[in-house]
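Asks: Before we start, here is the structure in question, set down as structure tokens.
Just so it is clear, none of the values below were taken in a lab; they were calculated from the coordinates. This is a predicted model, so every value here is computed, not measured.
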Amino acid sequence: RPPDTARIQAALDRCAAGAHGAVLLRAGSGNAFLSGPLTIRSDTTLAIDSGVTLFASRQPADYQVPGRNACGQAAARSGGCRALIILQGRSLGVMGVRDGAGHQGTIDGRGDLPMLGGSDSWWQFARGAKAAGQTQNAPDLIRAQDVADLQLYHVNLVNAPYFHVFVHGGNGVTVWGVRVRAPANSPNTDGLDLDSERKMLRVARRL
């Protein structure tokens, strides 16, 4: 089926135009959504229902930053890819809905699966780039820069191509109930492992 990017983004944009709103990806007749990059702006929350998974596109071109090194290709520096979820502004967030059994919404970056148009996964590509002394251009799952009053909670973040969460700067970032899941041998940026991401999340709580 075609990706859900456009209709999810349209719903997020409608919320951003009002006083405050949330887009709920709800379980029902279907429990999965497929998307390329989404931008969440001020006064908007993306909510993912329990039992629902937002799957990231495996098409590198979907994440391409114009004028930068090609997303999905190795280079001397990174920065060629947009994140799956880009957070900009204030009073915004990403949340999952947790049910009585402790299940909650999920965002799956599918870093373990082949990129479309090739045979290597995002992770295999990352290992090859590192072995060649280069940096992978791969998308983060969630990226926030210079935001205010950001909340991330009750959501599973699974198998990111690059960082699961990248927060740079900001004022009032709150993280709780976030579960980061990926194999212990999955590569992260420049050889960083999941412990580094957990440290980042702990720092985010104090911002």
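Asks: Given the chain reduced to its alpha-carbon atoms as identical point scatterers, what log10 I(q)/I(0) does the Debye formula return at q = 0.08, 0.11, 0.19 Å⁻¹?
Replies: -0.25, -0.48, -1.48
Asks: List the equivalent ellipsoid semi-axes of segment 126-187 in whole Å, largest first, each obtained as the square root of 5λ for an eigenvalue λ of the Cα gyration tensor. Walk me through the numbers on the way to the answer.
Replies: Numbers: eigenvalues 131, 49, 9 Å².
Semi-axes from the Cα gyration tensor: 26, 16, 7 Å.
Asks: Classify segment 76-132 as rounded, prolate or oblate, taking a ≥ b ≥ c as the square roots of the eigenvalues of its Cα gyration tensor: rounded when a/c is under 1.5, otherwise prolate if a/b is larger than b/c and oblate if not. Please report the intermediate quantities before stating the final value.
Replies: Details: a/c = 3.18, a/b = 1.62, b/c = 1.97.
Oblate, since a/c reaches 1.5 and b/c is not below a/b.
Asks: Restricting things to alpha carbons, find the Rg to Rh ratio for segment 43-123 using the Kirkwood radius for Rh. Walk me through the numbers on the way to the answer.
Replies: Details: Rg = 15.5 Å, Rh = 14.7 Å.
Using Cα coordinates only, the ratio equals 1.05.
Asks: Just to compare against my own numbers: the Cα pair-distance distribution for segment 32-83, 10 Å bins, whole % per bin, please.
Replies: Bins of 10 Å from zero give 22, 39, 29, 10, 0 percent of pairs.
Asks: Also: With only alpha-carbon pairs counted, each pair once and no self-pairs, how large is the Kirkwood hydrodynamic radius of segment 5-54 in angstroms? Walk me through the numbers on the way to the answer.
Replies: Numbers: mean 1/r = 0.0893 Å⁻¹.
About 11.2 Å, per the Kirkwood formula over Cα pairs.
Asks: Taking all pairs of distinct Cα atoms, average 1/r, flip it, and tell me the Kirkwood hydrodynamic radius of segment 1-99 in Å to one decimal place. It would help to have the intermediate numbers written out before the result.
Replies: Numbers: mean 1/r = 0.0688 Å⁻¹.
For segment 1-99, inverting the mean 1/r across all distinct Cα pairs yields 14.5 Å.
Asks: Looking only at 173, 65, 52, which one moves most when the chain is put into a Gaussian network model with springs between Cα atoms under 10 Å?
Replies: So, out of 173, 65, 52, the one fluctuating most is 65.
Asks: Whose amide H sits under 5 Å from the amide H of residue 34, counting only residues 5 or more places off or on another chain, with H placed in the peptide plane?
Replies: Under 5 Å from the amide H of residue 34 lie the amide H atoms of 4, 55, each far enough along the sequence or on another chain.
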